[in-house]
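Engineer: Please see the structure below; I have some questions.
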Amino acid sequence: MVGVYDLCARVQNGFRARLGRIAVPETKLNLAVSRVLYNQGFVSSVTRGTHLGPDESYVPTTNLNVAERRLWLSLKYYQDTPVLRKMRCISKPSRKINCDANQFRALAAGQAWSIVKGVNPGEIIIVSTTRGVMEIQDAVRYGIGGNLLARAN
């Protein structure tokens, strides 16, 4: 099972190596986290494809081709510097961190909670909730809690 920690490592290594595009395994979690990174402006596009490259036209994922399906993330740079400087996991397989709506509100306001530091300006925290994977500000707006996945700045 590929977790969010694999996506964090691949994205951060891609920016460090100054790559234009990176491939990550196509899973529902990776797609949801990639969508959040795209909506927040950290990557310029998210495309489905194979291990060879992005698809030119739509190809459905079936049991026959599921092993070679990938998400291709186009990394974004501004004046030759990466837009995303650091992406790291908060929850790990050995340490799941769950929060309620009040704890999300405190983290979004910049206050520390437990072992997690608050959000700084220009930083996002990606969370998994009952409404799906979203940024912590959206979870505060909906008034729901969930699992802390990763932070990016």
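Engineer: Can you give me the ranges of the strands (runs of 3 or more DSSP E) entirely in the stretch 44-153 with at least 1 residues that are under 20 Å from residue 14 (Cα atoms), open to solvent by 70 Å² or more (accessible area, probe 1.4 Å) and of a type outside the set (A, V, I, L, M)?
Structural biologist: It comes to 87-89.
Engineer: Ok, one more. Taking the condition in contact with a helix residue (DSSP H, G or I) (Cβ under 8 Å, 6 or more places away or on another chain) and not in a loop (DSSP other than H, G, I, E, B), does residue 37 pass?
Structural biologist: The answer is yes for residue 37.
Engineer: A further question on this structure: Which pairs do you get when a residue that is modelled with pLDDT of 95 or more and open to solvent by 60 Å² or more (accessible area, probe 1.4 Å), found in the stretch 13-29, comes within reach of a residue that is of a type in the set (S, T, N, Q) and in a strand (DSSP E or B), reach meaning Cβ atoms under 7 angstrom, with the pair 6+ apart or on two chains?
Structural biologist: Close Cβ pairs satisfying both conditions: 21/74.
Engineer: Turning to a different aspect of this structure: Could you grab the pairs with beta carbons closer than 8 Å, sequence gap of 6+ or different chains, first residue in the stretch 99-118 and more than 17 Å from residue 144 (Cβ to Cβ), second one open to solvent by 80 Å² or more (accessible area, probe 1.4 Å)?
Structural biologist: 110/120; 118/111
Engineer: Okay, next question. Here are the criteria: (1) open to solvent by 60 Å² or more (accessible area, probe 1.4 Å); (2) of a type in the set (S, T, N, Q); (3) over 23 Å from residue 128 (Cα atoms). Tell me which single one residue 40 does not satisfy.
Structural biologist: (3)
The values are calculated or read from the model by the stated rules, or taken from the named source; none is laboratory data. Since this is a predicted model, take the numbers as computed values, not measurements. Cβ sites come from the backbone with ideal geometry, for glycine too, and all protein chains shown count toward neighbours. Surface areas here come from the heavy atoms of the whole protein model, side chains and all, with no ligands, DNA or RNA. Shrake-Rupley method; radii C 1.70, N 1.55, O 1.52, S 1.80 Å.
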